[in-house]
């Protein structure tokens, strides 16, 4: 089984969150990296977000690598 990724991330609204995700695709993607920046191409991952701030979620998001901090692998809980 592949582990999930867990990291801190400040979204395009300048709100800090901790995400746990399962990556789907890695590449050069369109994203809004910083609040004052327009949407642009940046290295990132497309992933299924399984938790945000410890709360279960099930959405697909794109995350820019330049904004990911405290990145770690985390085993996926199967409860």
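Results, tabulated for the structure shown:
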| quantity | calculated |
| --- | --- |
| Members of the range 56-67 found to be surrounded by 17 or more Cβ atoms within 10 Å (Cβ to Cβ) and either within 14 Å of residue 20 (Cβ to Cβ) or modelled with pLDDT of 95 or more (or both), listed by number | 61, 63 |
| Filter result (within 19 Å of residue 43 (Cα to Cα) and either modelled with pLDDT of 90 or more or surrounded by 16 or more Cβ atoms within 10 Å (Cβ to Cβ) (or both)) within the range 12-25 | 19, 20, 21, 22, 23, 24, 25 |
| Candidate set: the range 20-46, residues that are over 12 Å from residue 62 (Cα atoms) and assigned to a strand (DSSP E or B); chosen: the one farthest from the chain's Cα centre (by Cα) | 40 |
| Some residue of the range 41-55 being at pLDDT below 95 and at positive phi | yes |
| Matching residues, the range 35-49, being surrounded by fewer than 17 Cβ atoms within 10 Å (Cβ to Cβ) and within 10 Å of residue 22 (Cα to Cα) | 46, 48 |
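The values are calculated or read from the model by the stated rules, or taken from the named source; none is laboratory data. Just so it is clear, the structure is predicted and the values come from calculations on it, not from any experiment. We place every Cβ from the backbone using ideal geometry, glycine too, and count neighbours over all the protein chains shown.
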